[in-house]
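Asker: Have a look at the structure that comes next, please.
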Amino acid sequence: MSSKERKNYRMILHEEMKKRYRTRIITDNLVTVFALVCVVAAIIPLGSILLEVIKNGASALSFEFLTAPQGSIGSGKGGIGPAIQGTIIVVGLASLIATPVGVLAGIYLSEFAGNGIFPTVVRFLNNILTGLPSIVIGIVGYVTIVLFLGSFSVWAGALSLSIIMMPIVVIVTEETLRIVPHSLREAGYALGISKAKITMNIVLTTAKSGVLTGIGLGIARIAGETAPLIMTILGTSLFFSGLEGPVDALPLRIWRLASQPYESAHAFGWGAALILILMVLGMNVGLRLLARKKGFTVRAEA
């Protein structure tokens with residue numbers, strides 16, 4: 001091949017490389033723009049809902065609104081104190097039930113179960129439970145707990161909500177633990193550490209951010225559920241009096257306020273919705289900060 005031919009070949013190769021490079025740049029820019037458009041399309045409805053709730057609910061906020069019990073219907077007086085208290089109690093109790101069970105089940109499916117028939121059936125049933133309508137869970141809670149105890153109660157509401165939250169925690173925990181590099185487990189085995197300690201001290205600690213995110217998603221899901229609470233805790237205008245009696249909750253209070261033909265009730269409903277959003281937001285921010293906190297580890301005793 002002569003020098004002129006080599007030069008022409010290099011020029012053709014250079015032009016082909018420039019063409020392919022431009023194609024890749026254009027493709028990358030198009031994908032980036034498409035991704036940004038999708039993000040904006042997802043944020044717009046969420047932002048519009050949030051702005052609507054703030055616009056209609058901010059005017060109702062006051063110390064009395066946050067602490068006082070419900071006033072007479074249509075009077076525009078009183079507050080949602082019992083509903084805030086009841087939401088914290090019911091959701092907190094449901095989280096205490098669902099979180100350890102869900103996390104341990106996710107650890108078992110990820111680290112110990114393998115791919116046998118039993119774990120496959122467990123995963124299948126867990127996926128079905130994730131999509132089960134909440135009203136069905138409420139009816140089950142009413143038949144099995146309310147009728148058994150003879151009254152609407154905090155226990156019935158908490159157990160029903162824990163059933164809704166549990167599969168979410170299981171799925172997120174399992175998938176989060178699966179993406180932890182196997183090299184970390186192998187390093188633990190090389191040091192002679194038991195599988196239980198490797199799972200708790202290495203794998204779970206590495207995946208703590210994802211596990212806490214799953215817990216946060218589960219809490220956010222049950223914090224706004226109304227149908228199970230109608231069937232299990234009934235609702236009341238009084239403050240908490242015991243785990244075996246009815247209690248109020250923000251979703252129930254919002255539903256009842258929205259169904260009343262009074263402007264003051266609707267304003268209180270918007271305010272209650274804003275408080276519920278702020279509570280869920282605060283919980284998620286707290287979990288994020290906890291996940292990023294240095295030194296936050298999971299310990300397992302021998």
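The values are calculated or read from the model by the stated rules, or taken from the named source; none is laboratory data. Keep in mind that what you see is a predicted model, and the values were worked out from it rather than measured. Virtual Cβ from ideal backbone geometry, glycine too; neighbours counted across all protein chains shown.
Asker: Just to verify a result, which residue in region 189-203, among those that are crowded, with 18+ Cβ neighbours inside 10 Å and touching a Ser or Thr at 6+ places or on another chain (Cβ under 9 Å), is farthest from residue 101 (Cα to Cα)? Steps first, answer last, please.
Answerer: Narrowing region 189-203 to residues crowded, with 18+ Cβ neighbours inside 10 Å: 198-200, 202-203.
The next check asks that each one be touching a Ser or Thr at 6+ places or on another chain (Cβ under 9 Å); those that pass are 199, 203.
Details: 199: 16, 203: 18 Å.
Among those that are crowded, with 18+ Cβ neighbours inside 10 Å and touching a Ser or Thr at 6+ places or on another chain (Cβ under 9 Å), it is 203.
Asker: Can you find, within region 33-78, the residue that is surrounded by the fewest Cβ atoms within 10 Å (Cβ to Cβ) among those that are under 19 Å from residue 248 (Cα atoms) and of a type in the set (Phe, Trp, Tyr)?
Answerer: Applying the filter and picking the extreme gives 63.
Asker: Output the qualifying pairs, or none if there are none: Cβ atoms under 6 angstrom, residues six or more apart or on different chains, first residue in region 178-198 and farther than 18 Å from residue 113 by Cβ, second residue at pLDDT below 85.
Answerer: 197/300
Asker: Moving on. Scan region 38-66 for residues that are without any contact (Cβ under 8 Å) to a residue 60 or more places away in the chain and not in a loop (DSSP other than H, G, I, E, B) and report the count.
Answerer: Of all residues in region 38-66, those without any contact (Cβ under 8 Å) to a residue 60 or more places away in the chain come to 38-49, 51-52, 55, 62-64.
From what is left, the residues that are not in a loop (DSSP other than H, G, I, E, B) are 38-49, 51-52, 55, 63-64.
Of the residues in region 38-66, 17 are without any contact (Cβ under 8 Å) to a residue 60 or more places away in the chain and not in a loop (DSSP other than H, G, I, E, B).
Asker: Working only within region 212-245, note down all residues that are over 24 Å from residue 75 (Cα atoms) and of a type in the set (Val, Ile, Thr).
Answerer: First pass over region 212-245, keeping only residues over 24 Å from residue 75 (Cα atoms): 212-233, 241-245.
Once the filter is applied, which keeps residues that are over 24 Å from residue 75 (Cα atoms) and of a type in the set (Val, Ile, Thr), region 212-245 yields 213, 215, 219, 222, 226, 230, 232, 233.
Asker: Also: Across region 246-284, which residue is nearest to residue 76 (Cα to Cα) among those that are of a type in the set (D, E, K, R) and assigned to a helix (DSSP H, G or I)? Please lay out each step first, then the result.
Answerer: We begin by selecting, within region 246-284, every residue of a type in the set (D, E, K, R); these are 248, 253, 256, 263.
Those still in the list that are assigned to a helix (DSSP H, G or I) too: 253, 256, 263.
Details: 253: 14, 256: 14, 263: 9 Å.
So, considering only residues that are of a type in the set (D, E, K, R) and assigned to a helix (DSSP H, G or I), the one nearest to residue 76 (Cα to Cα) is 263.
Asker: Can I ask one more? Scan region 161-177 and report the pairs whose first residue is assigned by TED's automatic domain parsing to the domain that holds residue 209 and assigned to a helix (DSSP H, G or I) and whose second residue is surrounded by 24 or more Cβ atoms within 10 Å (Cβ to Cβ) and of a type in the set (Phe, Trp, Tyr), with Cβ atoms within less than 6 Å and a gap of 6+ or a chain change.
Answerer: Pairs found: none.
Asker: On to the next question. So, in region 204-249, of the ones that are under 23 Å from residue 65 (Cα atoms) and acidic (Asp, Glu), which residue ends up surrounded by the fewest Cβ atoms within 10 Å (Cβ to Cβ)?
Answerer: Selected residue: 225.
Asker: What do you reckon, is residue 216 under 29 Å from residue 123 (Cα atoms) and among the small types (Gly, Ala, Ser)? Steps first, answer last, please.
Answerer: Details: under 29 Å from residue 123 (Cα atoms): yes; among the small types (Gly, Ala, Ser): yes.
Yes; evaluated as a whole, the condition is true for this residue.
Asker: Could you say whether any residue in region 250-258 is in contact with an Asp or Glu (Cβ under 8 Å, 6 or more places away or on another chain), surrounded by 18 or more Cβ atoms within 10 Å (Cβ to Cβ) and at pLDDT 90 or above?
Answerer: Going through region 250-258, the residues in contact with an Asp or Glu (Cβ under 8 Å, 6 or more places away or on another chain) turn out to be 251.
Now drop any that are not surrounded by 18 or more Cβ atoms within 10 Å (Cβ to Cβ), which leaves 251.
Right, trim to at pLDDT 90 or above and you get 251.
Yes: one or more hits.
Asker: Related question: Look at region 226-244 and say how many of its residues are more than 20 Å from residue 134 (Cβ to Cβ) and touching a Leu at 6+ places or on another chain (Cβ under 9 Å).
Answerer: Restricting attention to region 226-244, the residues satisfying the condition of being more than 20 Å from residue 134 (Cβ to Cβ) are 236-244.
Those left that are additionally touching a Leu at 6+ places or on another chain (Cβ under 9 Å): 243-244.
Selection size over region 226-244: 2.
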